[in-house]
Amino acid sequence: MINNEALRCLLCKKPKCALQGCPVHTPIPECMLLYREGKLEEAGELLFRNNPLTAVTSLVCDWQQFCYGHCVLNVKKMPVRWYEIEQEISGEYLFRHKLERRTRELSGKRIALVGAGPVGLSAAVWLYEAGADVTLYDANPRMGGVLRYGIPAFRLDKKYCDAFEKMFEAAGIVFHGGVEVGRDIQLAALSAEYDAVLLGAGAEKPATLRIPGDEKAVQALPFLKDPSAFSLGKKVIVIGGGNVAMDACRTAVRQGCETWVYYRKTFENMPANPMEVEEAKADGVQFRVFQAPVEVKEGGVVFRDCENVVPEDGGRVVTRIIEGTDHFVECDTLLTAISETPDFHMFKDMPALMNEWGWPDVEEGGRVKGLSNVWVAGDFILGPKTVVEAVASAREAVTAILAAL
Ligand SMILES: Cc1cc2nc3c(=O)[nH]c(=O)nc-3n(C[C@H](O)[C@H](O)[C@H](O)COP(=O)(O)OP(=O)(O)OC[C@H]3O[C@@H](n4cnc5c(N)ncnc54)[C@H](O)[C@@H]3O)c2cc1C
């Protein structure tokens, strides 16, 4: 039965949902039409070619920020839920798709992809279909990146990552799992061996609280990678207000822990998707805002109250700590999820390639200045973003690689 949402779509000539809202410019009106006509296979193919991770992004995108929030019907507060239709089409199509050589542009070219997350998976599809011999390297034993080792299974079924593994194996794409570039093999060696190298190594290095005792805290990313390896005790405090914090607290609560999120600003300032905050509350997670940690002690954390201050000149509101408000809050485990950055240790022997902030210097399209056949994409160069933005960035890099080779 057709989803009535498709009938509400106005099929705009200049669709803001696709052109302004979606980082990969999903051809929404074309797919809506195909869907209405019952041409699901064609719609699936169109979506997959544009964004090989469409089955995933239709589930995990923050739609309010992207397509849904840009729908022209938003003025009447009735935007079309395109993502439901996208999931209906792509959620099944992915398991039927077989990779094929569509063009021969990169025939005879050997390309290495470092990182088998959204960047590596989508770039592998496009580069293979352009004729290249593709080899993937990942420090983790299996493909998926954050999709497999970060986002919990109750939000994203791992069958989508499995589907890529099967599809790639059938196509002869080689995967070297458990191989860390910079440790097991050097970037210079890859650059010498392959015609092009694309680095999509994500942003996995967690920031620490930088307060006394912070070594007692457990980082959320390793916890999310394998929650069963951690024994959290009865009461857990999670510090942070982003997606990682929400996934960590919702995972802890599923382990039977009394779980609290402490955040130094207000709910409106939380970078997490508001829907996820609501879902965490529905799961039973409790929140305390305006709380800044100042010391981690045995058995708990010392917090200090914060408040918002509106400058008299009407400038930007600032959150400040209120001295003299220290209070100790007991917990068995403190999980921190404050932010992550890329780990550039694979560039350790090439300091000249880094800019003043310690990041690789890149030109448009993502090519590393000074390494003529190495490109970067996704969280590795953007910092922590989203799946769909990683795919968009991979597309930019693939376009640049096609042009260069
Ligand atoms: C817990 C969590 C929840 C999230 N939830 C959402 C969400 O709901 N919606 C959304 O859109 N986005 C979400 N994100 C963000 C999103 O997952 C990322 O933006 C996206 O995965 C980035 O893709 P990527 O390919 O750049 O990197 P990643 O997915 O991080 O993949 C990088 C891969 O590179 C590998 N690697 C790293 N270093 C090396 C090395 N030296 N050698 C070999 N391999 C290496 C890693 O093992 C990893 O597999 C979330 C992120 C996290 C951490």
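We did not get these values from a lab; they are worked out from the coordinates using the rules stated. Bear in mind that the values here come from a model prediction, so they are computed numbers and not experimental data. Positions of Cβ are generated from backbone atoms using ideal geometry, with glycine treated the same way; all protein chains shown enter the neighbour counts.
Taking other C-beta atoms within 10 Å as the exposure proxy, 339, 122 rank 339, 122 from fewest upward. When you count the other C-beta atoms within 10 angstrom of each residue and take the mean per peptide, 180-188, 284-292 line up highest first as 284-292, 180-188. Between the listed residues 74, 390, 335, the Cα displaced farthest toward the positive end of the dipole of the chain, a dipole computed from Cβ unit charges relative to the Cα centre, is found at 74. In the chain, the longest principal axis of the Cα atoms and the axis of helix 274-283 are about 60 degrees apart.
Between residue 198 and 112, 113, 114, 375, the built amide H atoms are under 5 Å apart, and every one of these is 5 or more places off in sequence or on another chain. Placing +1 on each Lys and Arg Cβ and -1 on each Asp and Glu Cβ, with no other charges, gives the chain a dipole about its Cα centre of roughly 780 debye. For residue 216, a cut-off of 13 angstrom between C-alpha atoms picks up these aspartates and glutamates, skipping any fewer than 8 places away in its own chain: 295, 298, 332.
Axis of helix 118-129 versus longest Cα principal axis of the chain: the two differ by about 0°, to the nearest ten degrees. The overall shape of the range 154-298, judged from the alpha-carbon gyration tensor, is prolate: a/c is not under 1.5, and a/b is greater than b/c.
Farthest toward the positive end of the dipole of the chain, out of 196, 359, 237, is the Cα of 196, where the dipole comes from beta carbon charges about the Cα centre.
Going by the alpha-carbon gyration tensor, a ≥ b ≥ c the square roots of its eigenvalues, is the chain rounded (a/c under 1.5) or, if a/c is not under 1.5, prolate (a/b greater than b/c) versus oblate? Oblate, because a/c is 1.5 or more while a/b does not exceed b/c. By the Cβ distance rule (another cysteine Cβ under 4.7 Å), the unpaired cysteines of the chain are 9, 12, 22, 31, 61, 71, 161, 249, 257, 306, 331. For the residue pairs 109/385; 16/369; 77/159; 225/281; 159/205; 77/158, the C-alpha atoms sit more than 32 angstrom apart in 16/369; 77/159; 77/158. Distance between the C-alpha centres of the range 214-257 and the range 46-123: 29 Å, rounded to the whole angstrom. For the range 1-94, the Kirkwood hydrodynamic radius from C-alpha pairs, put into Stokes-Einstein at 37 °C and a viscosity of 0.692 mPa s, yields a diffusion coefficient of 256 µm² per second. Where does helix 243-254 land angle-wise versus the long Cα axis of the chain, in degrees 0 to 90, nearest 10? For 243-254 against the chain, the angle is about 70 degrees. Peptide packing: for 303-310, 81-88, 371-378, the average count of neighbouring Cβ atoms within 10 Å per residue gives the ranking 371-378, 81-88, 303-310, highest mean first. What fraction of the DSSP beta bridges in the chain is antiparallel, stated in percent and rounded to the nearest 5? About 35 percent, rounded to the nearest 5. Based on Cα contacts under 8 Å between residues 6+ apart, the chain shows a relative contact order of 16 percent. Placing pseudo-labels 7 Å out from each Cα toward the beta carbon at residue 8 and residue 228 gives an inter-label distance of 4.1 nm.
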